Amino acid sequence: MLRKVAIGLTLIAFGVMFFAAAVTIRPFGEPPSAMDDYIIEHSQQETGANNAVSAVVFDYRGYDTLGEATILFAAATAVVMLFRKRKDEASD
Amino acid sequence: MSKIVRTVAKLLTPAILLFGLYVIMHGHITPGGGFQGGAVFASGVALLIVAFGAGRVEQFLKEHQLSMLESGGGLLFIGLAFAGLATAFFYNFLVGSPIFGHVPAFGPNPGDIWTGGTIPLMNVAVGMKVIAGLSAIVLVMALASSKQGEDE
């Protein structure tokens, strides 16, 4: 019973939060800062790339991409370490 | 897998791998980039593994080659990031230089490949990383599961 009440209260709280987020969202095409327009207007001139998304990912926010690459490296390293054939296990 | 699957995989795999490389190489012009193209390429490798088995794919694609490719991509990426350190980390120092240095006019202008500064090179580096990383994950897991199946 208590469990059901707790689950219901959690769901209601999440519903209120999502509803509040939905009604306070900004209308389409009105960015909250001037940065969006800055990137659209200056990315071709500053980075030379016609693809503004690539300009953001690899130039303006290159540090984030470095983190992404690090995550992929760690994932591949962990999987290869766990699943590789070991010579000392081959005799088992 | 059956002969139908293998024939279709033989037909489709070159197109999938070529499309992945295209998405990587044109990351600074068209939608996509290193991550997306690398994922496409690795899905082609996964199709080969499903169709022909991990043991057969491993004859052509060794695990240590993949780890070398991944480390090389990572080093190239971080090296390019450090190369711009005279101004800032990740500074695009190749804009205006003879290498990938065209500065396009404002607005849509398709087809100018020689643009973007370090962005195409970083796309290639990240593409190498993603190709090798995802292919190594799929290949090593498939090898482990197929070996387990033989033991049982």
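FYI, it's all coordinate maths here, none of it is from the lab. Keep in mind that this is a model prediction, so the values were computed, not measured. When we count neighbours, we look across all protein chains shown, and the Cβ atoms used for this are built from the backbone with ideal geometry, even at glycine.
When every Cα-Cα distance of chain A is counted in 10 angstrom steps from zero, the calculated P(r) takes the values 12, 18, 18, 23, 18, 10, 2 percent. Computed from the Cβ-Cβ distance with R0 of 45 Å, the FRET efficiency linking residue A:33 to residue A:81 stands at 0.55. Percent of Cα pairs in the range B:1-85 per distance bin of 5 Å, from zero to the largest separation: 3, 14, 16, 21, 19, 13, 8, 4, 2, 1, 0.
Need one number: the % of Cα-Cα pairs in the protein assembly as shown sitting beyond the 33 Å mark. That tail contains 39 percent of the Cα-Cα pairs. Charging the Cβ of each Asp and Glu at -1 and of each Lys and Arg at +1, and nothing else, the dipole of the protein assembly as shown about its Cα centre rounds to 780 debye. Residue-wise HN-Hα couplings along the range A:41-53, as the Karplus relation 6.51 cos²θ - 1.76 cosθ + 1.60 with θ = phi - 60° gives them from phi, are 7, 10, 5, 5, 6, 7, 9, x, 9, 6, 8, 5, 5 Hz; Gly and Pro carry x. The alpha carbon radius of gyration of the range B:22-152, expressed as a multiple of 2.2 N^0.38 Å, is 1.30. Summary of the geometry: the range A:1-44 and the range B:43-60, compared by the centres of their Cα atoms, lie 43 Å apart.
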